[in-house]
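Here is the structure we will look at, set down as structure tokens.
The values are calculated or read from the model by the stated rules, or taken from the named source; none is laboratory data. This one's a predicted model, so the numbers in the text were calculated from it and none came from an experiment. When we count neighbours, we look across all protein chains shown, and the Cβ atoms used for this are built from the backbone with ideal geometry, even at glycine.
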Amino acid sequence: MVILPEEGMDVSLLHVQTMARYNRWMNQKVYDGCAGLSEEDRKRDMGAFFRSIHGTLNHILLADRIWMGRFTGEPFPVTSLDQELYADFHVLRDERAAEDERIIDWVALLSPEDMEGDLVYTSIVNPEPRRYPLWFALSHFFNHQTHHRGQISSLLTQLGVDVGVTDLIGMKP
């Protein structure tokens, strides 16, 4: 089924709204897959960039909060990009679900004019001012999530867990 924009709806808005729903759908699938693992398996260093499944889940949430702080003008203070937000998996999962709803609610408020505007912020990695069109920054935001969920999917596969279909086109409208 192809989802078409409603009369007069901006396609870029439809895209970010779809990506926000995809983000929530995939996070639910990944967390469901992780729920059956032991704490030891979730926190085991498996050689990923953020070492473990837990470390990668934490990083995705941390990065989402950093980006949402930039988008909303309410900065999220961090000490590093591998900062652990929550040691407890169940708390991390609840916080992830709440952040996904926050993202969905925020993108629903965007206008075509917002998408054409610029996002200005200072990078954490290389503390220099950056300026990007909002549509481009949002593309990076959703791509970053997908990239790291792909790493988690690979780690889960190594542990014998299949999260199922992960393709955007597999999400029900």
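Selection of first residues in region 133-146 that are in contact (Cβ under 8 Å) with a residue 12 or more places away in the chain and of second residues that are surrounded by fewer than 15 Cβ atoms within 10 Å (Cβ to Cβ), restricted to Cβ pairs under 7 Å at least 6 apart or on distinct chains, gives the following pairs, ordered by first then second residue: PRO133/GLU116; PRO133/ASP118; LEU134/GLY117; LEU134/ASP118. Of all residues in region 85-101, those being surrounded by 15 or more Cβ atoms within 10 Å (Cβ to Cβ) and of a type outside the set (A, V, I, L, M) number 7. Quick check: anything in region 120-131 more than 22 Å from ILE60 (Cβ to Cβ), among the basic types (Lys, Arg) and not in a loop (DSSP other than H, G, I, E, B)? Among the residues of region 120-131, at least one is more than 22 Å from ILE60 (Cβ to Cβ), among the basic types (Lys, Arg) and not in a loop (DSSP other than H, G, I, E, B), which makes the answer yes.
Quick check, is VAL107 at pLDDT 95 or above, of a type in the set (A, V, I, L, M) and under 16 Å from the mean Cα position of the chain (by Cα)? In short, yes. Checking LEU109 against (1) touching a helix residue (DSSP H, G or I) at 6+ places or on another chain (Cβ under 8 Å); (2) aliphatic (A, V, I, L, M); (3) closer than 26 Å to GLN28 by Cβ, which single condition isn't satisfied? So the condition that LEU109 fails would be (1). Identify the residue in region 42-62 that is in contact with a Leu (Cβ under 7 Å, 6 or more places away or on another chain) and under 30 Å from LYS172 (Cβ atoms) and, among all such residues, is surrounded by the fewest Cβ atoms within 10 Å (Cβ to Cβ). By that ranking, first place goes to ALA48.
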